[in-house]
Amino acid sequence: LREAGLSFLRYHAFIKTGRSTYDLAALTDAPGTPSGVPGRNTLPQMLEITRRAGLDPWLQIEPHFTPQEWQGLVEYLAAPAGPDAPWAAKRAALGREGPWTDAFDRILIEIGNETWNGLFAPWTYPEMTDAASGRSYSRGEVYGIHQEHVIGILRASPWWRAAGLDDKVEFVIGGWIRQSYGADAAARSPSSRYMTVGAYNGGWDEDEGPPDGSKPSFFSVLNQAAQVAIPNAEQHAAEARRLSRVREPAVLPGTYEAGPGYALNGLNGARVSREQYAAQERVMKSQAAGVATLDGFLAMARAGFAIQNFFTFNPGETWSSHAIDRNGGQAYPSWKLITLLNHEGLGEMLHVRTLAVPTEDLEGGRGMRRDVRNAPQIAVYATRDGDRVNVFVLSRRIPGHPDPEEDGCTPVEIALPFAAAQSLTVHRMAGPYDAHNIESDAVKIERRPLPAP
């Protein structure tokens, strides 16, 4: 985690509780206590992991706390230990004497997880009618009304103002790109700062079956940005701008989860055989999928996304960042490229003008795929951080598809808006597009200094 250059660690361990869930006492117990929290993860454990990794916490907490528990949470996080603050005294008894809020620069709070998704019932929101006025509210609006209600309870704690949490804590809406759920919620929660969506490359979230390892399947993964990520990002960012015209502070678009997506047997009625599962693993942990992930993250940043979250930091299969230990424990290509972006490539997004690039006509009609005519097969992005400029050149091409005669290589010439540089470094993945890191560290990022112009 320390090496990855992240900003936040999202506490996904605290959701998916179903009907056997936790109260504040269980959430703040010592780790390993039979608490009702999945995996027996608890808040003191996760906060300490986050502190040691040099990150800030992104709390996910189920929506069912009482007002007294929400205020107790503020006390646990922000109050000095003493007889008038029993939750802070419990924190001190478990080894953290000072307020946890002193350990972090920023804290994000997200109520529940995908509160539109029936998989996480009963902690979801229904449509409701106001008994007094007769007005009906959509599911997203009910979510936003409840989130604003909880924010008001948190801010009413005497410890909130004493700890200056208005300047440290921000709130996240978990939306749904397919509907107006997130925008409806954000409109009803003016205190929420981020309006986020999930943004996967393929998989059950996108109503796509597993890639089969053929050249067309790799080509589909590499061109997901043009067909799905870019139009969705532009739509989501436009919704945020529309809401921001009538509120202060502005609501910022982002993702709560993103990265390679997977189809699993039973999810959304999918049928995935063992052979299909294995092929999907090879595709989604390949160099091509890593490039496609970076493409999507950069495209969303260009659209104005202020925060993006890779799902998930974990060794293993499907939604994972690293191989299991017995296979070497190496990072998968997607995680490697996001880490490279964090360390080398962040900054203000610059405008890039492309004079000529190869294109393909892409056919939609599958999942969220749109028809796209003349889709660029070379994606170029640029960022600036002071006097450091980063240029990303990504290929969405593979050899032999769609044209069996093409080798998939594209000569690229870049004109830079300055005449001299102190240093010039190229980072590249130079292996075959279908190389993967499941069993060994086959896909590496090469670093090569070039003579400065």
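The values are calculated or read from the model by the stated rules, or taken from the named source; none is laboratory data. For clarity, every value in this text was computed on a predicted model and none was experimentally measured. Glycine also receives a Cβ, built like all others from the backbone with ideal geometry; neighbour counts cover every protein chain displayed. For the accessible areas, the whole protein counts, side chains as well, though only heavy atoms, and no ligand, DNA or RNA atoms are used. Shrake-Rupley method; radii C 1.70, N 1.55, O 1.52, S 1.80 Å.
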| note | Toy charge model, Lys and Arg Cβ at +1, Asp and Glu Cβ at -1: the chain dipole around Cα centroid in debye, rounded to 20, equals 360 debye
| field | Length gained when the stretch residue 342-residue 452 is fully extended (0.36 nm per residue, less Cα-Cα span) | value | 37.2 nm
| query | Where in region 55-133 are there trypsin sites (Lys or Arg not before Pro) that are in a DSSP coil and have at most 15 other Cβ atoms within 10 angstrom of their Cβ? | reply | 106
| note | In the chain the accessible area split gives carbon plus sulfur, as whole percent at 1.4 Å, a share of 50 percent
| query | Accessible area per residue, 1.4 Å probe, Å², for the chain: what's the number? | reply | 47 Å²
| Along the charge dipole of region 154-257, Cβ charges K/R +1 and D/E -1, which of 211, 162, 250 sits furthest on the positive end? | 162
| message | Keeping all protein chains in place and using 1.4 angstrom, which order do 192, 180 fall into by accessible surface area, from largest down? | response | 180, 192
| remark: The answer for chymotrypsin sites (Phe, Trp or Tyr not before Pro) in region 387-453 that fall in a DSSP coil and have at most 12 neighbouring Cβ atoms within 10 Å is 418
| Put a dot 7 Å past each Cα toward the Cβ at residue 275 and residue 407; how far apart are the dots in nm? | 3.4 nm
| remark: With +1 on the Cβ of every Lys and Arg and -1 on the Cβ of every Asp and Glu, the dipole magnitude of region 389-453 about its Cα centre, in debye rounded to the nearest 20, is 420 debye
| In nm, to one decimal, how far is the modelled label at residue 166 from the one at residue 420, with both set 7 Å along Cα→Cβ? | 5.0 nm
| Nearest 0.05, what FRET efficiency do residue 129 and residue 13 give at R0 = 30 Å with Cβ-Cβ as r? | 0.30
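Is it possible to state the helix-based mean residue ellipticity at 222 nm for the chain, with each DSSP H run of 4+ residues giving -39500 (n - 2.57), the sum divided by total residues, to the nearest 500 deg cm²/dmol? What is it?
-8000 deg cm²/dmol
Label the chain by shape, choosing from rounded, prolate and oblate, from the square roots a ≥ b ≥ c of the eigenvalues of the Cα gyration tensor; if a/c is under 1.5 it is rounded, and otherwise prolate applies when a/b is larger than b/c, oblate when it is not.
Working: a/c = 1.69, a/b = 1.58, b/c = 1.06.
Taking the square roots of the gyration eigenvalues as a ≥ b ≥ c, the chain is prolate.
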| Options 294, 318, 305, ranked by Cα towards positive dipole end of region 275-333, top entry (Cβ charges) | 305
| field | Under 27 Å from the Cα of residue 336 - lysines, other chains or at least 8 residues apart | value | 215, 285, 444
| note | Taking alpha-carbon centroids only, region 281-327 lies from region 245-267 a number of Å equal to 14 Å
| request: Can you grab the distance from the C-alpha centre of region 147-219 to the C-alpha centre of region 51-82, Å, no decimals? | output: 19 Å
| field | Extreme residue, positive dipole direction of the chain, given options 172, 140, 352 (C-beta unit charges) | value | 172
